[in-house]
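Asker: I have a structure I would like to understand better, so I am pasting it below and will then ask my questions one at a time.
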Amino acid sequence: MIVKVARLAALAASVVMALPAAAQQVTMMTGPQGGSWVPLGGALKNMWEQAVPGLQIQATPGAGIANIRGVDEGKAQIGFANSSTTVDGIEGRAPYPKKVTKVCQVANLYPQYFQVAALADANINSFADLKGKSVVTQPKGNTAEILTETVLKLNGMSYQSLSKANFQASYTDAVSMMKDGHAQVMTLGTTAPASAVMDLASARDIKLVPVDEKTMAELQKQNPGYIRRVIKAGTYPKQDKDVPVIGYSTHIVAACDLPEETVYRMTKAMAQNVDTMAAVVKPITGLTPKDMAIDIGVPFHKGAAKFYKESGVM
């Protein structure tokens, strides 16, 4: 009788082992069409679904600030974000209506550049020259849009100081407006070189507008998450000198209540597949667990922290 019970227990255990892992469906918010977050999101979706049995990811378009709010409000469980504006959310600063409390840090990925591309014949050499010009940026709440408005304010202007302010969800649509002459300046926050800016430069002569020291210093007083970065000469066609710009970092966030083991495996998969990510977004090349684990002022998810501690970088 005892032997029979033991056999039944063993059989039950083998059946349980044979059952597929329970499906876990999550939503991941990426970025605007034409930016780097959409294709990188596709690569991560495939990577994570292989690394975590039963995980099913639905990728949707998004934007830096919208993604943080989406995860905090439970509309998504994973998202791309920008370090500077995520910190704004944690601190409860505008444009967030309240402090963000349910968003945890997973990994830093690569530097981002706030790029202001002007048509060469628009005679725009500084932020002050934007007055009276037609500008296209992203929808309200996007990191680049917030920066555009902030830069205008720091230079004594507003959207009303422009001849027209256009808000486009797609970089592709913004480029079309520039090519057709419906806008003279385009602002976006993404990698350098940006495919959208390369597309524009293939059709029109353009100029990157540099950030001046006064604007940079004032911006850093408001949010130390912003840093001065340089887009090297030759990054874009006919760019014959280095251009200083406003910079920050792209990182991955997750809902703090996403299972620890899921996020642990996700983090480990990224660290083991840097080349796969770098094939989509070149600046990820050479990313290390130490880089991923840099403290940017956002609390780490327990699963991510577990991996970084295992790796000896936390």
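Asker: Highest mean first, what order results for 195-203, 93-101, 264-272 on Cβ atoms within 10 Å?
Answerer: Numbers: 195-203: 18.6, 93-101: 12.3, 264-272: 20.8.
Per-residue mean Cβ counts within 10 Å order the peptides as 264-272, 195-203, 93-101.
Asker: Another one. Under a point-charge model restricted to the Cβ atoms of Lys and Arg (+1) and Asp and Glu (-1), what is the dipole moment magnitude of the chain relative to its Cα centre, in debye to the nearest 20?
Answerer: So the dipole magnitude of the chain works out to roughly 460 debye.
Asker: So which residue, out of ALA304, ALA23, ALA194, gets the largest mean-square fluctuation from a GNM of the chain using Cα contacts under 10 Å as springs?
Answerer: Highest fluctuation of the listed residues: ALA23.
Asker: If I take every Cα pair under 8 Å that is 6 or more residues apart in the chain, average their sequence separation and divide by the length, what percent do I get for the relative contact order? Intermediate values should be presented prior to the final figure.
Answerer: Values: 610 pairs, mean separation 74.0, N = 314.
The value is 24 percent.
Asker: Just for the chain, what percent of DSSP beta bridges are antiparallel, to the closest 5?
Answerer: Within the chain, antiparallel bridges account for around 65 percent of the total.
Asker: Given a Förster distance of 22 Å, report the FRET efficiency between ASP121 and ASN223 from their Cβ-Cβ distance, rounded to the nearest 0.05.
Answerer: The pair ASP121/ASN223 has a calculated efficiency of 0.05.
Asker: Determine the share of the chain's accessible area contributed by carbon and sulfur atoms, expressed in whole percent, with a 1.4 angstrom probe.
Answerer: Carbon and sulfur: 54 percent of the exposed surface of the chain.
Asker: Place +1 on the Cβ of every Lys and Arg and -1 on the Cβ of every Asp and Glu in the chain, take the dipole about the Cα centre, and give the residue among VAL274, THR262, GLY181 whose Cα lies farthest towards its positive end.
Answerer: So the residue we want is THR262.
Asker: Using a 7 Å offset from the Cα along the Cα-to-Cβ direction at both GLN58 and LYS99, what is the distance between the two label points in nm, to one decimal?
Answerer: For the pair GLN58/LYS99, the computed spacing is 3.2 nm.
Asker: Follow-up. Over the chain, average the accessible area per residue using a 1.4 Å probe and give it in Å², no decimals.
Answerer: Per residue, the chain has an accessible area of 46 Å².
The values are calculated or read from the model by the stated rules, or taken from the named source; none is laboratory data. Remember, predicted model here, so these are calculated numbers, not experimental data. With ideal geometry, Cβ positions are generated from the backbone for all residues, glycine too; neighbour counts draw on all protein chains shown. These accessible areas exclude ligands, DNA and RNA; they are computed on the full protein's heavy atoms, side chains included. Shrake-Rupley method; radii C 1.70, N 1.55, O 1.52, S 1.80 Å.
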